[in-house]
1. So is residue 83 aromatic (Phe, Trp, Tyr), touching a residue at least 12 places away in the same chain (Cβ under 8 Å) and open to solvent by 90 Å² or more (accessible area, probe 1.4 Å) or not?
2. Just to verify a result, which residue in the stretch 179-224, among those that are hydrophobic (A, V, I, L, M, F, W, C), modelled with pLDDT of 90 or more and part of a loop (DSSP other than H, G, I, E, B), is most open to solvent (accessible area, probe 1.4 Å)?
3. Does residue 22 qualify as being crowded, with 20+ Cβ neighbours inside 10 Å and among the charged types (D, E, K, R)?
4. Quick check on my filter: what residues within the stretch 32-63 are part of a helix (DSSP H, G or I), free of Cβ contacts under 8 Å to residues at least 40 places away in the same chain and closer than 16 Å to residue 13 by Cβ?
5. Just wondering, is there one or more residues in the stretch 228-235 that are in a loop (DSSP other than H, G, I, E, B), out of contact with any strand residue (DSSP E or B) (no Cβ under 9 Å at 6 or more places or on another chain), modelled with pLDDT of 95 or more and surrounded by fewer than 20 Cβ atoms within 10 Å (Cβ to Cβ)?
6. Before we move on, is residue 105 within 15 Å of the chain's Cα centre (by Cα), at pLDDT 85 or above and either hydroxyl-bearing (Ser, Thr, Tyr) or open to solvent by less than 20 Å² (accessible area, probe 1.4 Å) (or both)?
7. How many residues, within the stretch 1-19, are part of a helix (DSSP H, G or I) and either open to solvent by 20 Å² or more (accessible area, probe 1.4 Å) or over 24 Å from residue 88 (Cβ atoms) (or both)?
Amino acid sequence: MKNPRWHRDELILTLNLYYELDSNLFTKTNFQVIELSEKLNKLPIYSEEERKLNFRSPSGVAMKLSNFMAIDADNENQGLSSYSKLDEETFNEFYKKGSELKRIANLILDSIHEKETLIKLYKIEDEIDSSVKESFEGEILYKLHKLKERDSGLIRTKKNNVLKEKGKLECEVCNFDFHEKYGEIGYKFIECHHIKPLSTYESRQKTILEDLAIVCSNCHRMLHRNVEDMSIDKLRQIIKNKII
């Protein structure tokens with residue numbers, strides 16, 4: 001069986017290295033290529049069963065770098081033309097956006113730096129709706145966001161504080177109240193959404209109460225479909241305009 005296709009997150013990390021190395025260093029013996037191979041093997045994307053003995057080997061990383069070289073019109077070297085559509089899309093997306101590419105790459109790498117965080121990321125379930133994952137710049141940031149929303153102690157404190165202050169837990173977007181709708185079974189049931197923009201994310205930065213908003217399941221899903229451009233206020237206005 002072949003190794004799984006390259007994931008967007010893996011391509012972002014490899015493209016970031018592409019811009020850091022001279023083309024003549026795209027070899028399996030280069031220490032930075034070897035380091036990236038080791039990091040790709042740690043990403044919480046594919047299971048152990050999906051990985052083969054040569055999964056994202058230094059040779060494979062060197063080949064992917066050469067694929068990017070073939071796509072890059074600014075590079076006079078020929079490169080390897082057997083690149084995928086996703087290779088080309090990823091390259092074009094970050095063309096002349098080096099600072100944004102590096103920010104996302106560093107965040108992905110920072111997320112797997114600590115073993116405890118890495119284990120937790122592996123436990124986050126895959127997202128079926130690809131449009132949701134795309135709004136998070138890939139799988140790792142999606143899982144990092146979900147992880148920040150799953151601090152049970154912080155969520156409990158958030159709910160208790162809101163309940164004490166307002167006497168109920170209603171969605172901050174549409175005002176839906178699970179307790180009011182479903183009775184006792186809905187008491188204290190509500191979800192929490194991490195409202196901090198992705199552009200300000202730091203994997204080791206602790207989530208605080210002010211970073212969380214209480215929302216119903218439907219509104220939470222809508223917030224995740226466009227997480228960087230959607231806010232509580234904006235979604236609330238969309239609902240208001242729809243009603244009108």
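1. Details: aromatic (Phe, Trp, Tyr): yes; touching a residue at least 12 places away in the same chain (Cβ under 8 Å): yes; open to solvent by 90 Å² or more (accessible area, probe 1.4 Å): no.
Here the answer is no, as residue 83 does not meet what is asked.
2. Filtering first and then ranking leaves 189.
3. Numbers: crowded, with 20+ Cβ neighbours inside 10 Å: no; among the charged types (D, E, K, R): yes.
No; evaluated as a whole, the condition is false for this residue.
4. Narrowing the stretch 32-63 to residues part of a helix (DSSP H, G or I): 32-40, 48-50, 58-63.
Right, trim to free of Cβ contacts under 8 Å to residues at least 40 places away in the same chain and you get 32-38, 40, 48-49, 58-59, 62-63.
Hits for the stretch 32-63 are 32, 33, 34, 35, 36, 37, 38, 40, 58, 62, 63.
5. No, the stretch 228-235 contains no residue that is in a loop (DSSP other than H, G, I, E, B), out of contact with any strand residue (DSSP E or B) (no Cβ under 9 Å at 6 or more places or on another chain), modelled with pLDDT of 95 or more and surrounded by fewer than 20 Cβ atoms within 10 Å (Cβ to Cβ).
6. In short, yes.
7. Of the stretch 1-19, the ones part of a helix (DSSP H, G or I) are 8-18.
Now narrow it down to the ones that are either open to solvent by 20 Å² or more (accessible area, probe 1.4 Å) or over 24 Å from residue 88 (Cβ atoms) (or both): 8.
Residues flagged as part of a helix (DSSP H, G or I) and either open to solvent by 20 Å² or more (accessible area, probe 1.4 Å) or over 24 Å from residue 88 (Cβ atoms) (or both) within the stretch 1-19 amount to 1.
The values are calculated or read from the model by the stated rules, or taken from the named source; none is laboratory data. Quick caveat: nothing in here was measured; it's all calculated off a predicted structure. Positions of Cβ are backbone-derived with ideal geometry, glycine not excepted, and every protein chain shown enters the neighbour counts. Surface accessibility is based on the protein's heavy atoms, side chains included, excluding ligands, DNA and RNA. Shrake-Rupley method; radii C 1.70, N 1.55, O 1.52, S 1.80 Å.
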